[in-house]
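Chemist: Let me begin by handing over the structure; questions about it come next.
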Amino acid sequence: MTCGIAGPICKRMAGPPPKPWPTGLAEQVEPLVRRVLAPNPSPYTYTGTETYVVGAGSNVAVIDPGPAEPAHLEALLGAIGDAKVAAIMCTHTHRDHSPASRPLAEKTGAPIVGCAPLVLDDSGPRADAAFDRDYAPDRVMEDGEAMTGDGWTLRAVHTPGHTSNHLCFALEESGALFTGDHVMGWSTSVVVPPDGDMTAYMASLDKLYAREDTVYYPAHGPQIDKPRQLVRGMIGHRRQRENQIVRILAENGTMRAADFVPLMYKGLDPRLIGAAEMSVTAHLIDLERRGMIARSGEIWTAQ
């Protein structure tokens, strides 16, 4: 799943388009970019994970190789063709993004680069059930660091929040940004503590809003042709959510995170209730840090 317990929820969320979907097909989305849809649709992944093959010359990069599904690996190898794979690049390590990096590396000899392995604090609740524990990059890319190939340059943009190790990749030749799960084409991402962090997520949205990328290619959903407009709307949506939480808490007194969900998410798919509670929790923690609310254990109160 794209985010396992960290799946996407928001007012933009909609059902997937009618089938057939282009699963396994190499779609040319711009001269340097092809997209291959993995066969892993779900309420959390929309029609599935979208892997991108970047480059039109002697070598290419593969972004978010996806789940280790044999059919998807075969489709990727077909899209790569005779080109050399210069790098297998991962935005983060949820299990629908990075596991195929290993069999693809074995087939092509390419290095695995991009995000850092995820390390969580063992002292608190675990949130890594959906993380790829076996991810082992040959090179971790720092913010602003570039990977180059035949006619392409991909620069890392550090965007923590959805996960602490999340990166986007900017294609300098065209102005495109591969946004992983930080900005998606069908919904916002849920931010799941303790690894997910709403404060960092909002800062990363501000960081993207300050950029001048011309198009976003997310790992789920359609491409985003007006990226700054969408990011501005996402920031506004999150601010509305936090204002809603503060108001509900003031009206109801002490509450647990789960109590907010039926009041905030009308008509929510029951399969997403747990994810909604995690998103609320991330907002509550952020509001607590800013001194706007307080808590005692699992009980939250207005200041």
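Chemist: Conditions: (1) in contact with a helix residue (DSSP H, G or I) (Cβ under 8 Å, 6 or more places away or on another chain); (2) buried (at least 24 other Cβ atoms within 10 Å of the Cβ). LYS84 meets all but one. Number of the miss?
Modeler: Looking at each condition in turn, LYS84 falls short on (2).
Chemist: Taking ALA127 as meeting all but one of (1) aliphatic (A, V, I, L, M); (2) at pLDDT 95 or above; (3) in contact with a Leu (Cβ under 9 Å, 6 or more places away or on another chain), write down the number of the exception.
Modeler: Going through (1) aliphatic (A, V, I, L, M); (2) at pLDDT 95 or above; (3) in contact with a Leu (Cβ under 9 Å, 6 or more places away or on another chain) one by one, ALA127 breaks only (2).
Chemist: For the stretch 1-89, which fully contained strands (runs of 3 or more DSSP E) count at least 3 residues that are more than 30 Å from ARG238 (Cα to Cα) and modelled with pLDDT of 95 or more? Steps first, answer last, please.
Modeler: On the way: elements: 26-30, 33-37, 50-54, 59-63.
Fully inside the stretch 1-89 and qualifying: 26-30, 33-37, 59-63.
Chemist: Please count how many residues of the stretch 131-161 are in a loop (DSSP other than H, G, I, E, B) and in contact with a Gly (Cβ under 6 Å, 6 or more places away or on another chain).
Modeler: Kept after step one, since they are in a loop (DSSP other than H, G, I, E, B), are these residues of the stretch 131-161: 132-138, 141-145, 150-151, 159-161.
Retained after the next criterion (residues that are in contact with a Gly (Cβ under 6 Å, 6 or more places away or on another chain)): 141, 150-151.
Within the stretch 131-161, residues that are in a loop (DSSP other than H, G, I, E, B) and in contact with a Gly (Cβ under 6 Å, 6 or more places away or on another chain) number 3.
Chemist: Right, something else. What helices (runs of 4 or more DSSP H) completely inside the stretch 186-294 contain at least 2 residues that are over 23 Å from CYS168 (Cα atoms)? Let's see the steps before the verdict.
Modeler: Numbers: elements: 198-209, 227-252, 257-264, 273-289.
Because the criterion is at least 2 residues that are over 23 Å from CYS168 (Cα atoms), the helices (runs of 4 or more DSSP H) in the stretch 186-294 that meet it are 227-252, 257-264, 273-289.
Chemist: Taking ALA258 as the residue in question, decide whether it is at pLDDT 95 or above and touching a Pro at 6+ places or on another chain (Cβ under 9 Å). Give the derivation first.
Modeler: On the way: at pLDDT 95 or above: yes; touching a Pro at 6+ places or on another chain (Cβ under 9 Å): no.
The answer is no for ALA258.
Chemist: Looking only at the stretch 64-92, which residues are out of contact with any Ser or Thr (no Cβ under 7 Å at 6 or more places or on another chain) and under 24 Å from PRO160 (Cα atoms)? Steps first, please.
Modeler: Let us first name the residues in the stretch 64-92 that are out of contact with any Ser or Thr (no Cβ under 7 Å at 6 or more places or on another chain), namely 68-75, 77-82, 86-87, 89, 91.
ALA87, MET89, THR91, listed by residue number.
The values are calculated or read from the model by the stated rules, or taken from the named source; none is laboratory data. Because the structure is predicted, anything quoted here is derived from the model rather than measured. Counting neighbours? That spans all protein chains shown, and the Cβs are built from the backbone with ideal geometry, glycine included.
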